[in-house]
Amino acid sequence: GKSGYDHYMRKEIAEQPRAIRDCLRGRVEELAASVSLPELEGLEEPSSVQLVACGTSYHAGLFGERLFQRRGIPAQTFVASEYDAGSVPVDEDTLVVAVTQSGETADTMQALRGANRAGATTLAVTNVVASSAAREAEYACYVRAGPEISVAATKSFASQQVTLSLLASALAGPQSHEFLRELRRLPDYIQAVLDRSSVRDLVGELLDADAYFFVGRGYNAPVALEGALKLKEISYRHAEGFPAGELKHGPLALVTAETPVFALVSGREHTAETIGNVKEVQARRAPVVAVTDVPETVERHAEFVLEVPETHPAVMPIVANVQLQLLAYWLANALGRPIDKPRNLAKSVTVR
Ligand code: M6R
């Protein structure tokens with residue numbers, strides 16, 4: 001059941017601290033600063049990584065790509081339906097990672113099968129034990145989010161982000177002690193957002209809008225895309241996400257007083273540039289909502305601030321995303337949408 005919540009989506013958002021604890025359990029040796037994923041026994045550091053996925057899982061892939069790149073492993077993410085293993089060179093040193101909650105998405109399975117045929121080493125990062133992806137990939141690593149009923153992916157995205165964080169650390173060696181320590185604290189940071197988020201009070205002021213834009217840089221860029229997808233999927237409002245630096249290359253023409261802009265601002269990376277982008281939309285009178293771990297720095301550039309705890313720059317976006325999940329949920333709720341079953345969409349997309 002929904003454990004007293006009105007919707008599965010709300011319940012699944014609330015389950016994230018637990019889901020992440022399950023995902024981390026037995027996998028992180030904080031003192032030794034090491035990660036162990038016994039299911040990947042025999043898998044060596046690849047010469048490059050290709051991630052294939054759809055929708056929300058694609059956004060998790062983009063997040064993972066950045067983690068691999070920072071650790072010196074070239075990585076690239078593909079929308080699964082656009083992936084062609086025949087034209088992107090792969091060999092056995094190429095690790096192709098299919099990221100899929102259900103493990104049954106037809107586009108992702110097609111990409112995975114192509115990678116298998118082309119001789120790549122393949123890995124499924126999935127939530128469903130013994131799913132098609134888990135069976136057909138050479139290796140499987142489970143995200144352990146637990147059953148996700150709502151069509152909108154929420155806790156599975158957080159668990160994918162954490163699993164890819166562990167994977168990158170396991171394959172390339174952790175970059176910093178701090179990163180693993182902060183991953184361990186992530187459930188508490190998310191709980192703090194769940195307990196204190198003011199986003200519900202904000203949606204009333206944002207209901208009348210032409211469109212909603214989401215921007216972020218670096219690790220936050222995929223979360224900007226995800227924030228927009230979640231909002232459009234369940235509220236039916238027009239929403240778009242961009243890397244913040246892209247605003248001035250086109251989207252800025254759409255920015256008016258009727259287009260709220262959600263800006264993800266990390267206090268540790270790209271802070272000044274992102275605030276620079278925020279000023280550009282502010283000058284066009286767009287209502288700015290900053291999601292940030294440095295509220296004092298951002299305050300005077302934003303109409304509203306949604307605070308998240310200060311943490312490692314690769315962990316902050318996982319927490320910030322929870323504010324955007326709650327935003328989508330409460331906005332769709334205010335509009336009376338059928339949140340768990342949005343029109344035209346299915347939980348598992350088994351057609352190509
Ligand atoms: O099961 P998968 O992760 O392969 O599903 C991929 C997409 O269909 C899925 O993430 C979709 O975008 C969600 N409904 C988004 O909330």
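The values are calculated or read from the model by the stated rules, or taken from the named source; none is laboratory data. Keep in mind the model is a prediction, meaning the values are calculated, not measured. FYI the Cβ positions are ideal-geometry reconstructions off the backbone, even for glycines, and counts take in every protein chain you see.
The number of residues in region 1-44 that are under 29 Å from residue 92 (Cβ atoms), of a type outside the set (A, V, I, L, M, F, W, C) and crowded, with 18+ Cβ neighbours inside 10 Å comes to 1. Considering only residues in region 9-34 that are in contact with a helix residue (DSSP H, G or I) (Cβ under 6 Å, 6 or more places away or on another chain) and modelled with pLDDT under 95, the one that is nearest to the ligand (Cβ to nearest atom) turns out to be 28. The single condition among (1) within 16 Å of the ligand (Cβ to nearest atom); (2) modelled with pLDDT under 95; (3) not aromatic (Phe, Trp, Tyr) that residue 61 does not meet is (2). Considering (1) modelled with pLDDT under 95; (2) farther than 17 Å from residue 64 by Cβ; (3) small (Gly, Ala, Ser); (4) crowded, with 22+ Cβ neighbours inside 10 Å, the lone condition that residue 227 does not fulfil carries the number (1). Residue 142 meets the conditions (1) away from the ligand (no atom under 14 Å from the Cβ); (2) over 16 Å from residue 314 (Cα atoms) in every case but one. The failed one is (1). Given the criteria at pLDDT 95 or above, out of contact with any His (no Cβ under 6 Å at 6 or more places or on another chain), basic (Lys, Arg) and within 22 Å of residue 128 (Cα to Cα), does residue 66 qualify? In short, no. When every residue of region 260-281 is checked against the conditions, none turns out to be out of contact with any Leu (no Cβ under 6 Å at 6 or more places or on another chain), closer than 19 Å to residue 335 by Cα and not hydrophobic (A, V, I, L, M, F, W, C).
Note on region 226-244: among residues that are in contact (Cβ under 8 Å) with a residue 40 or more places away in the chain and away from the ligand (no atom under 11 Å from the Cβ), the one that is nearest to residue 335 (Cα to Cα) is 235. Here's a check for you: in region 64-91, which residue that is within 16 Å of the ligand (Cβ to nearest atom) and among the polar types (S, T, N, Q) is farthest from the chain's Cα centre (by Cα)? By that ranking, first place goes to 81.
In region 96-119, which residues are crowded, with 24+ Cβ neighbours inside 10 Å and either among the aromatic types (Phe, Trp, Tyr) or away from the ligand (no atom under 14 Å from the Cβ) (or both)? Listed by number, the residues that qualify are 96, 115.
Within region 32-68, the set of residues being closer than 23 Å to residue 156 by Cβ and without any contact (Cβ under 8 Å) to a residue 12 or more places away in the chain comprises just one member, 38.
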